[in-house]
Amino acid sequence: MSSNTKEAAKNNLSFILYENNKVPRYLQLTPREYKAILYVPVVLTVFSIFALAGSYFYTKNIENLIKAKEPLIIKNLRDENSGLTQKNSELTTLNLDLTNRLANETISGASASSLNIIAPVKGQKDLTSPASIKIEDIKVNKGNEKVELSFNLINITQDNNRVSGYIHIFLFDGNNYFHYPEGGDSIRNFSLNYTKGESFATSRFRPVTAKFDLPKTSTAMFKVFIFNRLGDIVHQQLFREEIK
């Protein structure tokens, strides 16, 4: 036996394997074989863990990518469907209220007399108290040919229940009435339909801007009337403003 062979044999690992009643077997492993038996399972386990983790994050990234690239038309359709559902609920409630109102066709004299510019409707009610909306941040700005009135319409219902209806704004300069939203022009018909107002719907607040022909006086009187969808008056306010 050569010296190299003897040196290699010294580095080998020897085992005697006993299996039940069988004759013992003598096994000899080289250092390379021993390291393979010892480390290969560990390496495979670590590799499997990284592979599973990589698969998980890859799957999550694919899912997020699909969501990010969801067609815009699908999102628009969902938003439109949500809006239609809400409108359908409002129309159902409105139809029920109209049915109940037709059963009682009396006209509130107090409401009609206070709104001699806007024609009253059957069963019209004064719902200004308790208040469901209010007006804040009133501003009047003067331009070259127009005067602009702006304010915020605030929903003050309990739990911010959605309110909707029509806004009428009048400017009186001592001789003429000007109406918004019908162009802010001087009105000739003193029996306006309440639905001729600016339509609105809000759960919190809504900015309102009305433009009128510039009045001849430096002080103008503004009247704001707000109706719900059934024609009940829910807010009315009168205030005087300097046109600067």
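Could you grab the pairs with beta carbons closer than 6 Å, sequence gap of 6+ or different chains, first residue in segment 224-243 and of a type in the set (Lys, Arg), second one open to solvent by 20 Å² or more (accessible area, probe 1.4 Å)? Listed by first residue and then by second, the contacts come to ARG229/LEU94; ARG229/SER164; ARG240/MET221. Apart from one condition, ILE187 fits all of (1) modelled with pLDDT of 85 or more; (2) farther than 19 Å from LYS125 by Cβ; (3) in contact with a His (Cβ under 6 Å, 6 or more places away or on another chain); (4) not charged (D, E, K, R); the exception is (1). How many of the residues in segment 129-143 are over 20 Å from ASP159 (Cβ atoms) and either touching a helix residue (DSSP H, G or I) at 6+ places or on another chain (Cβ under 8 Å) or of a type outside the set (Asp, Glu) (or both)? Of the residues in that region, 7 qualify. With respect to PHE227, determine if the residue is at pLDDT 85 or above and within 24 Å of ALA131 (Cα to Cα). Judged against the criteria, PHE227 is a match. The condition (being part of a strand (DSSP E or B), open to solvent by less than 60 Å² (accessible area, probe 1.4 Å), of a type in the set (Gly, Ala, Ser) and in contact (Cβ under 8 Å) with a residue 12 or more places away in the chain) is satisfied by just one residue among ALA131, ALA210: ALA210. Being at pLDDT 90 or above, in contact with a Ser or Thr (Cβ under 6 Å, 6 or more places away or on another chain) and basic (Lys, Arg) holds for only one residue in LYS139, LYS134, and it is LYS139.
Against the conditions (1) modelled with pLDDT of 60 or more; (2) outside any strand (DSSP E or B); (3) surrounded by 14 or more Cβ atoms within 10 Å (Cβ to Cβ), LYS87 satisfies every one except (3).
Each residue in segment 213-244 was checked for being out of contact with any Asp or Glu (no Cβ under 7 Å at 6 or more places or on another chain), open to solvent by 50 Å² or more (accessible area, probe 1.4 Å) and closer than 19 Å to VAL147 by Cβ, and 7 of them qualify. Of everything listed in (1) modelled with pLDDT of 80 or more; (2) crowded, with 17+ Cβ neighbours inside 10 Å; (3) more than 20 Å from PRO207 (Cα to Cα), the single unmet condition for TYR177 is (2). In segment 140-156, of all residues being open to solvent by 40 Å² or more (accessible area, probe 1.4 Å) and either touching a strand residue (DSSP E or B) at 6+ places or on another chain (Cβ under 8 Å) or of a type in the set (Lys, Arg) (or both), the one that is nearest to PHE170 (Cα to Cα) corresponds to GLU148. When GLU7, GLU19 are checked against the criterion of being assigned to a loop (DSSP other than H, G, I, E, B) and either modelled with pLDDT under 70 or exposed (fewer than 10 other Cβ atoms within 10 Å of the Cβ) (or both), GLU19 stands alone in meeting it.
The values are calculated or read from the model by the stated rules, or taken from the named source; none is laboratory data. What you see is a predicted model, and the numbers here were worked out from it, not measured in a lab. Neighbour counts run over all protein chains shown; Cβ positions are idealised from the backbone, glycine included. Ligands, DNA and RNA are stripped out before the accessible areas are found, and what is left, the full protein with its side chains, is counted by its heavy atoms. Shrake-Rupley method; radii C 1.70, N 1.55, O 1.52, S 1.80 Å.
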